[in-house]
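Below you'll find the structure, written out as structure tokens, and then a few comments.
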Amino acid sequence: MIHLDSTGTAYEIGRQHGRDCASAVHAAYRAWGPADTFDRREFSDGFHRVAASLGGTFPALLDEMQGIADGAGLTFEEIVALNCLDEYRSHSMQRRQCSSIAFRDSDRGVLLGKTADWTIPDVAAFALSQRYRPVPGEGHAFFHYGCAGTLWCEGGLNESGLGMVLNGLAGRGAGGASVPTMALTRGVLQHCRDVRDALGWLRQHDVMNWGFNLTLADSSGDLAFVEVVPGSQCSERASGDYLVHTNHCLLDRQDAEIDMVPGYPGLMENSRLRLDNLRDKVPHAPRSLESMQSLLQDRSPSGAISQNGEHGMHTVYAMIVAPERREIWGAEGFPPDVPFVSHTLERGHDR
């Protein structure tokens, strides 16, 4: 896994990112970038649609992607495509099958956990963690896990004590004003102070072509999840002492026929098996860091949480976030095979 420590303006951070792991950015583009199924017109139209959306809402993200392009020696258009390819079409083409777990209380306070499940098994060349320190006025400092060359955020923790973990929800495309998903998932860590702030901030935006669930916790112990799909958002705070989520909506049933969406064969079956497994095990699991690690490493014959080829999915890393302690642990590889390593954030000041 690549480790970045980035400081400066959005452009400066992007340029550091691209320069410091240029070969990884190129590898990520080869793995995730546009394939031969994109024609030149579709690529051009998609780029202009995404650039117009971000330019009107989150222009600093365009600056950061320009920096990555300049640092890595790729074009701006290629880096935007790497970051936002699903938004170039009317539906999502890449499966995102992650699992999220939360304990309201544990030996480390409120605790979040998640796996990162990708369609590519060998990702050591471009899986990434990043310590992100923007200049004053451009948001909170945070630590997160993602992918080289991108602004994707699988989960992380900011200096204000807000933790977030992501799992994808399939979408069918949105009408009206909307933004690429990565602008919101990472934006929560960069621009929000706590769970309440994050839920309000998200309600100001819509997403284009695929959705996500964020499980959120903060240093006060507040805990909730929010489902965001094109045209709709639903949130729920924990009524008991835990939350679990996989890749189908639990609060909004508009995904009932999502198995018919191109690019998602078997997604609902895989998601429901993992949810059933979590609902069976999590209520009885000890509320501890060690227990959370064990759940994320689970290789049950039905509904494995660490996936190793099930429906073409591979768990490439996992993370655990303790907002009250400002600490995050990452299994930086296939979770059953590697230790969890610790990273900490200092308590920050308002920016």
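Worth pointing out:
- By the Kirkwood approach, averaging reciprocal distances over each pair of separate Cα atoms, the stretch 122-237 gets a hydrodynamic radius of 14.4 Å.
- Charge dipole magnitude, Cβ of K and R +1, D and E -1 - the stretch 124-225, Cα centre, debye nearest 20: 180
- Whole-angstrom gap from the stretch 109-124 to the stretch 190-243, using each part's C-alpha centre: 19
- Helix-derived mean residue ellipticity, 222 nm - over the chain, DSSP H n ≥ 4, -39500 (n - 2.57), to 500: -9000 deg cm²/dmol
- Its convex hull of Cα atoms gives the stretch 1-145 a direction-averaged projected area, equal to a quarter of the hull surface, of 10.3 nm².
- Using a probe radius of 1.4 angstrom, the carbon and sulfur fraction of the accessible surface of the chain is 47%.
- Taking the charge dipole of the chain about its Cα centre, with +1 at Lys and Arg Cβ atoms and -1 at Asp and Glu Cβ atoms, the residue from 169, 152, 251 reaching farthest to the positive side is 251.
- Divided by 2.2 N^0.38 Å, where N counts the residues, the Cα radius of gyration of the chain comes to 0.90.
- Rolling a 1.4 angstrom probe over the protein heavy atoms with all chains in place gives the chain an accessible area of 37 Å² per residue.
- Cα centroid separation, the stretch 52-82 to the stretch 300-339 (Å): 29
- Each of 103, 18, 343 was placed along the dipole of the chain (beta-carbon charges, centred on the mean Cα), and the one lying farthest toward the positive end is 103.
The values are calculated or read from the model by the stated rules, or taken from the named source; none is laboratory data. This is a predicted model, so every value here is computed, not measured. Glycine gets a Cβ as well: all are built from the backbone with ideal geometry, and neighbour counts include every protein chain shown. Keep in mind that these areas ignore ligands, DNA and RNA; they rest on the heavy atoms of the full protein, side chains included. Shrake-Rupley method; radii C 1.70, N 1.55, O 1.52, S 1.80 Å.
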